[in-house]
Number of protein chains: 2
Amino acid sequence: MADDDLVFKALADPSRRFLLDLLHARDGRTLTELESELEMTRFGVAKHLKVLEEAGLVVTRRSGREKLHFLNPVPIRQIHDRWIDKYTERHVTALLDLKNALEEEP
Amino acid sequence: MADDDLVFKALADPSRRFLLDLLHARDGRTLTELESELEMTRFGVAKHLKVLEEAGLVVTRRSGREKLHFLNPVPIRQIHDRWIDKYTERHVTALLDLKNALEEEP
DNA sequence: TTGACATGTGACCTATTGGTCTCATAACTT
DNA sequence: AAGTTATGAGACCAATAGGTCACATGTCAA
């Protein structure tokens, strides 16, 4: 399977995106710790983490019997750069900054 | 289905990503024109375009019997912002700029 | 070394998805 | 009006993906 296909397939599942949210909030967690945040068996979570790791969205490091998981932002940025050039980026960020500002002020 | 789920599901298919590539290169194309670029029947392409449109990745405008398709970069940028904060962005862009520079110079 | 803890593998079932086809509507051209 | 062009809706089938389970390996602590 092509590299980018692995990334997009990995992002296509809501549980996996939630795992990325968890790791974005705090890195270096174990499978068991992440498992407690999802309503799913350990096996399901392990499968999802494996998909994320094979896509390069999550990087791991072993520490004894534990496996620590870290978020890797590089593939996300590459998605961005595929369809948003520097010129367009200025417009889009300005638009979204305005949107966020308006949503914060009631 | 949740908004972000539609976007990620839409991006999960290589044919749909190729359609976005085509629209990124040149906007405002019709179904028939896009169809000629894929090795697939018109019905398949139409289905993919519908998925992209429902996800908000493609915006359309009718002109007589033709339907013109345009790329909308906003959802892409929102994916980016979900997992890459301003601080991380500086590091990642610097890293990727370096990578691209090295690949261009042999 | 014995038991508890943390993770890994592969089979299995069900639900979803990609792609094609038949049928149908609407608009331009002459 | 008639023929052609551009698109739309829904049935259908094969392939894929999400989730659980039984079973297994490696690691820590007493």
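Results, tabulated for the structure shown:
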read-out: Tally, over the stretch A:55-106, of residues that are of a type in the set (G, A, S) and in contact (Cβ under 8 Å) with a residue 40 or more places away in the chain; value: 2
read-out: Filter result for B:T30 (open to solvent by less than 30 Å² (accessible area, probe 1.4 Å) and polar (S, T, N, Q)); value: yes
read-out: So B:A101, is it open to solvent by less than 60 Å² (accessible area, probe 1.4 Å), on the phi < 0 side of the Ramachandran plot, in a helix (DSSP H, G or I) and more than 13 Å from DNA strand C (Cβ to nearest atom); value: yes
read-out: For B:Y87: the one exception among (1) facing another protein chain (nearest Cβ under 8 Å); (2) more than 16 Å from DNA strand D (Cβ to nearest atom); value: (1)
read-out: Within the stretch B:38-50, considering residues that are assigned to a helix (DSSP H, G or I) and open to solvent by less than 50 Å² (accessible area, probe 1.4 Å), the one nearest to DNA strand D (Cβ to nearest atom); value: B:A46
read-out: The stretch B:2-27, subset more than 10 Å from every other protein chain (Cβ to nearest Cβ) and at pLDDT below 95, residue surrounded by the most Cβ atoms within 10 Å (Cβ to Cβ); value: B:D27
read-out: In the stretch B:53-83, the residues that are more than 12 Å from chain A (Cβ to nearest Cβ) and among the aliphatic types (A, V, I, L, M); value: B:V59, B:L68
read-out: Residues that are closer than 15 Å to A:I79 by Cβ and within 13 Å of DNA strand D (Cβ to nearest atom), drawn from the stretch A:2-37; value: A:A2, A:D5, A:L6, A:V7, A:F8, A:K9, A:A10, A:L11, A:A12, A:R16, A:R17
read-out: Pick from the stretch A:51-77, criterion part of a loop (DSSP other than H, G, I, E, B) and loosely packed, with under 14 Cβ neighbours inside 10 Å, ranking: farthest from DNA strand C (Cβ to nearest atom); value: A:G64
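The values are calculated or read from the model by the stated rules, or taken from the named source; none is laboratory data. Here the structure is a predicted model, which is why all the values come from computation and not from measurement. Note that each Cβ is placed from the backbone with ideal geometry, even for glycine, and that neighbours are counted across all protein chains shown. Side chains included, ligands, DNA and RNA excluded: accessible areas come from the protein's heavy atoms. Shrake-Rupley method; radii C 1.70, N 1.55, O 1.52, S 1.80 Å.
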